[in-house]
Amino acid sequence: ARLVVLVSGSGTNLQALLDAVAASPGEAPYEIVAVGADRNGIEGLERAERAGIPTFVCRVKDFATREEWDAALTAATAAHAPDLVVSAGFMKVVGKEFLTRFGGRFINTHPALLPSFPGAHGVRDALAYGAKVTGCTVHFVDDGVDTGPVIAQRAVEVLEEDHTDEGAALHERIKEVERRLLVEVVGRLARDGYRIEGPNRRRVRLGH
Ligand code: GRF
């Protein structure tokens, strides 16, 4: 399967996908054909360049309207003919054109147990709430924010000392679990596909 990965920051989730492909040359059920970002000068893009993977950047401020940005992001992504698009720390909400084009094969990873603590501060919000367990979620992207059908989740304990560093240590512990979950989910989606079942069509089953 051809993957386009979208990043906005350090790209450690991207790196986990790159490492998984490199660790099993010729066997990985997917190849990362391009990495896209909403900003320049981030480590996620450097990781792609080091791996010799084409990159593209679509900055919202370079476009007159949000719709034009969405159209540009859609075109730049579609140019690589992906089978699956992975948002790995991509911090923008895509628009209708992107979802029309890639909905159903566009996944995101989020550092909380959705539907708890959606949005850009999931780790901080879980701590502020006093949650004792949080974790990470890989889900399909729909037209909401972190509201699409859940594919997989893993729990991570919240420790007392997590309240002393604005969640930095907790986020790192979550990211260790998250990257392994993302590699596992991407591999299974690429190899076996999925079905969505259940009364309200939200229950994801991996595999044919
Ligand atoms: C990840 O925890 C992701 O879930 C969240 O931001 C972080 C991105 O980390 N949206 P990285 O850029 O993959 O290192």
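The values are calculated or read from the model by the stated rules, or taken from the named source; none is laboratory data. Every value quoted in this text rests on a predicted model; they were computed, and no experiment measured them. We place every Cβ from the backbone using ideal geometry, glycine too, and count neighbours over all the protein chains shown.
For the reader, a short list of remarks on this structure follows.
- Test result for L73, in a helix (DSSP H, G or I), under 17 Å from the mean Cα position of the chain (by Cα), within 15 Å of S8 (Cβ to Cβ) and of a type outside the set (S, T, Y): yes
- Residues of the range 164-186 satisfying the condition of being acidic (D, E), modelled with pLDDT of 95 or more and away from the ligand (no atom under 12 Å from the Cβ): E184
- Per-region count, the range 15-48, residues of a type in the set (A, V, I, L, M), closer than 21 Å to R105 by Cβ and exposed (fewer than 15 other Cβ atoms within 10 Å of the Cβ): 0
- Output for the range 128-149, where each listed residue is within 26 Å of R101 (Cα to Cα) and surrounded by fewer than 17 Cβ atoms within 10 Å (Cβ to Cβ): D142, D143, G144, V145, T147
- Residue check, E161 over 22 Å from V4 (Cα atoms), part of a helix (DSSP H, G or I), within 13 Å of the ligand (Cβ to nearest atom) and over 13 Å from the mean Cα position of the chain (by Cα): no
- Residue in the range 51-74 that is more than 12 Å from the ligand (Cβ to nearest atom), among the hydroxyl-bearing types (S, T, Y) and touching a residue at least 60 places away in the same chain (Cβ under 8 Å) present: no
- Across the range 1-18, the qualifying residues are those that are within 17 Å of F56 (Cα to Cα) and in contact with a Gly (Cβ under 7 Å, 6 or more places away or on another chain), and the one among them that is farthest from the ligand (Cβ to nearest atom) is V4.
- All of (1) surrounded by fewer than 16 Cβ atoms within 10 Å (Cβ to Cβ); (2) touching a residue at least 12 places away in the same chain (Cβ under 8 Å); (3) hydrophobic (A, V, I, L, M, F, W, C) hold for V123 with one exception: (1).
- Which numbered condition I196 fails, given (1) within 16 Å of the ligand (Cβ to nearest atom); (2) in a strand (DSSP E or B); (3) more than 20 Å from T12 (Cβ to Cβ); (4) not acidic (D, E): (1)
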